[in-house]
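Q: Take a look at this one; I'll ask things after.
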Amino acid sequence: MLSNSLAELDRRHLIHPVSSFRGHEQRGVRILTGGQGATVTDSEGRSLIDGFAGLWCVNAGYGHESIVEAAAEQMRKLPYATGYFDLGAEAPIRLAAALAERAPGDLNHVYFTLGGSDAVDSTIRFIRYYWHAKGQPGRDQFISVANGYHGSTTMGAGLTALPGFHDGFGVPYDWQHKISSHYLYRNPLGSDPQVVTDASVAELRAKIEAIGPDRVAAFYVEPIQGSGGVLVPPQGWVKAMRDLCAEYGVLFVADEVITGFGRTGPLFACQDEGIVPDLMTTAKGLTSGYVPMGAVLMRDHVYETIADGAGAKAVGHGFTYSAHPVSAAVALEVLALYEGGLLENGRRAGARLQAGLESLRDHPLVGDVRGRGMLAAVELVVDKDAKTPLPPEVQPATRLFDRAWEQGLVVRSFAQGIFGYAPPLCCTDEQIDQIVARTRKVLDLTL
Ligand code: PLP
């Protein structure tokens, strides 16, 4: 009864992000009521394994009292302090220092946002400021990768390269350019890592030359493309792209909103790639989803250029809730949990997840399995040789999602017939095995 009336209120008043408004009105809402560890409960009393950590964010898992206590203590002491002008509070300062210490290379300067989209948007503004400060204001063109996702602010949505975020919104703008995705499973050049990497390097070089090397401001990369369907680049691809940017003096931005904070094994995926980006964006696992927060990390040379360029003037970019002390206190506690065993557990559970999902390759519907650590995807096809995707009218993503839900499993079901996995790092072996077993059950029901 309670959930019925809630469902009706939801239908009437709540606009859901990235949903078909009309489709949602028909289907209604699924309401979550609680969570503990890697499991959540819904309003119908089901217990589900959250194979997607909310929205790739609850890396630490649900129900950590120490995180709740960190937030409560900060709220009691000082619920808000602006970071504007010369003001500040202890928690964001300590968090900035902790991130700088752990991030690769000289990514020593941290700007806090409320999430990933505004972190990406902030990089666009900082990068423009940087090139103005360097006396090259004509460097105002941005390049990203097809199938990439970089949030949905007005400017960031144009770096995002998924049509659903453009159609009807008038983005991307003419200063936003794309190169093809590596997408190994469906790359027309095949799946040879070197061939694919060489082709991407050649394409980015040609794009920079076509735009004009003195016009290109920055290139954006997700170390693993998340919302595009968990697309893992070949080993060495990220480094090759980073090196090419260095050759042209183009700023290289690693968007680690999903891959950061243990999702792929190390604290940051860039550490696996052995690269130092000029700027890095993070969010999600930073606070493990308990409260909103994102962060932009910038290298010394980016910070120094902006600082010298501005001189005594204020750099006019800020949000009321930048460096929110409650979010920072939560992030500090989450970081302590990661380093107190969660990262290690995530690495162990991640190896089990990858091996478990690999074992699904014998299923007639499984065309591809890919991933790294606690980030993975299973791509479904109706014909393995022809790699024919599931026809959306026959198996819409919502139906696959519903079927998994009924089996007690939350996964992301992408429209192309791809299941995405990003479970909390605290998963037990048994929970990982259940994720795999429940997926097989869903596939059997889908045959
Ligand atoms: N960048 C990447 C790589 C993301 O995956 C996301 C969100 O999924 C964003 C940016 C946007 O983050 P947010 O949803 O916190 O605004």
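The values are calculated or read from the model by the stated rules, or taken from the named source; none is laboratory data. All values reported here derive from a predicted model rather than from experimental measurement. Note: ideal-geometry Cβ built from the backbone for every residue, glycine included; neighbour counts use all protein chains shown.
Q: For residues that are of a type outside the set (A, V, I, L, M, F, W, C) and under 20 Å from D106 (Cβ atoms), scanning just the range 284-317, find the one that is nearest to the ligand (Cβ to nearest atom).
A: At the first step, the residues of the range 284-317 found to be of a type outside the set (A, V, I, L, M, F, W, C) are 284-285, 287-290, 292, 294, 299-301, 303-305, 308-309, 311, 313, 316-317.
Applying the additional criterion that residues be under 20 Å from D106 (Cβ atoms) yields 299-301, 303-305, 308-309.
On the way: R299: 19, D300: 24, H301: 23, Y303: 22, E304: 26, T305: 24, D308: 29, G309: 26 Å.
Filtering first and then ranking leaves R299.
Q: Can you tell me which residue within the range 210-236, out of those that are within 16 Å of Y421 (Cβ to Cβ) and not β-branched (V, I, T), is nearest to the chain's Cα centre (by Cα)? Before the answer, list the steps.
A: Taking the range 210-236 and keeping what is within 16 Å of Y421 (Cβ to Cβ), we get 224-232.
Among the residues that remain, those that are also not β-branched (V, I, T) are: 225-229, 231.
Details: Q225: 8, G226: 6, S227: 7, G228: 10, G229: 11, L231: 12 Å.
By that ranking, first place goes to G226.
Q: Further question on the same structure: The conditions are (1) farther than 30 Å from A349 by Cβ; (2) touching a residue at least 12 places away in the same chain (Cβ under 8 Å); (3) in a helix (DSSP H, G or I), and F252 fails exactly one of them. Which is it?
A: Of (1) farther than 30 Å from A349 by Cβ; (2) touching a residue at least 12 places away in the same chain (Cβ under 8 Å); (3) in a helix (DSSP H, G or I), only one is false for F252: (3).
Q: Still on this structure, please answer the following. With the structure loaded, tell me whether V68 is assigned to a strand (DSSP E or B), more than 16 Å from the ligand (Cβ to nearest atom) and over 30 Å from R12 (Cβ atoms) or whether it fails that test.
A: Values: assigned to a strand (DSSP E or B): no; more than 16 Å from the ligand (Cβ to nearest atom): yes; over 30 Å from R12 (Cβ atoms): yes.
In short, no.
Q: Next up: Restricting to the range 212-228, count the residues that are assigned to a strand (DSSP E or B) and either more than 10 Å from the ligand (Cβ to nearest atom) or at pLDDT below 95 (or both). Let's see the steps before the verdict.
A: Step one: filter the range 212-228 for residues assigned to a strand (DSSP E or B), giving 216-221, 225.
Next, only the ones that are either more than 10 Å from the ligand (Cβ to nearest atom) or at pLDDT below 95 (or both) stay: 216-219.
Of the residues in that region, 4 qualify.
Q: D167: closer than 25 Å to P389 by Cα, over 19 Å from the mean Cα position of the chain (by Cα) and not assigned by TED's automatic domain parsing to the domain that holds R372, yes or no? Full working, then the answer.
A: Numbers: closer than 25 Å to P389 by Cα: yes; over 19 Å from the mean Cα position of the chain (by Cα): yes; not assigned by TED's automatic domain parsing to the domain that holds R372: yes.
Criteria met by D167.
Q: Examine the range 366-381 for a residue that is more than 19 Å from the chain's Cα centre (by Cα) and surrounded by fewer than 18 Cβ atoms within 10 Å (Cβ to Cβ), and state whether such a residue exists.
A: There is no residue in the range 366-381 that is more than 19 Å from the chain's Cα centre (by Cα) and surrounded by fewer than 18 Cβ atoms within 10 Å (Cβ to Cβ).
Q: Residues that are buried (at least 16 other Cβ atoms within 10 Å of the Cβ) and among the hydroxyl-bearing types (S, T, Y), at least 1 per element: which helices (runs of 4 or more DSSP H) completely within the range 1-62 meet that?
A: Values: elements: 2-13, 21-27, 53-56.
Of the helices (runs of 4 or more DSSP H) lying wholly inside the range 1-62, those with at least 1 residues that are buried (at least 16 other Cβ atoms within 10 Å of the Cβ) and among the hydroxyl-bearing types (S, T, Y) span 2-13.
Q: Another question, if that's okay. Can you find a residue that is among the aromatic types (F, W, Y), out of contact with any helix residue (DSSP H, G or I) (no Cβ under 7 Å at 6 or more places or on another chain), more than 23 Å from I306 (Cα to Cα) and part of a loop (DSSP other than H, G, I, E, B) anywhere in the range 159-173?
A: no
Q: Here is a further query. Of S180, S191, which residue is surrounded by fewer than 21 Cβ atoms within 10 Å (Cβ to Cβ), at pLDDT below 95 and more than 13 Å from the ligand (Cβ to nearest atom)?
A: Working: S180 fails: at pLDDT below 95.
On inspection, the qualifying residue turns out to be S191.
Q: Of everything in the range 83-139 that's among the small types (G, A, S) and not in a helix (DSSP H, G or I), which residue is nearest to the ligand (Cβ to nearest atom)?
A: Pass one, the range 83-139, residues among the small types (G, A, S): 83, 88-89, 91, 96-98, 100, 103, 105, 115-117, 119, 122, 133, 135, 138.
Remaining after also requiring not in a helix (DSSP H, G or I): 83, 88-89, 103, 105, 115, 135, 138.
Values: G83: 19, G88: 24, A89: 22, A103: 17, G105: 20, G115: 3, G135: 30, G138: 27 Å.
If we take residues in the range 83-139 being among the small types (G, A, S) and not in a helix (DSSP H, G or I), then G115 is nearest to the ligand (Cβ to nearest atom).
Q: Follow-up. Evaluate the following for P277: is it assigned to a loop (DSSP other than H, G, I, E, B), surrounded by 24 or more Cβ atoms within 10 Å (Cβ to Cβ) and under 21 Å from the mean Cα position of the chain (by Cα)?
A: Numbers: assigned to a loop (DSSP other than H, G, I, E, B): yes; surrounded by 24 or more Cβ atoms within 10 Å (Cβ to Cβ): yes; under 21 Å from the mean Cα position of the chain (by Cα): yes.
Yes; evaluated as a whole, the condition is true for this residue.
Q: Further question on the same structure: Every residue in the range 148-158 that is within 11 Å of the ligand (Cβ to nearest atom) and either outside any helix (DSSP H, G or I) or at pLDDT below 95 (or both), please. Give the steps one after another, and end with the answer.
A: Looking only at the range 148-158, we keep the residues that are within 11 Å of the ligand (Cβ to nearest atom), and these are 148-153, 156-157.
Of everything in the range 148-158, those that are within 11 Å of the ligand (Cβ to nearest atom) and either outside any helix (DSSP H, G or I) or at pLDDT below 95 (or both) turn out to be G148, Y149, H150, G151, S152, T153.
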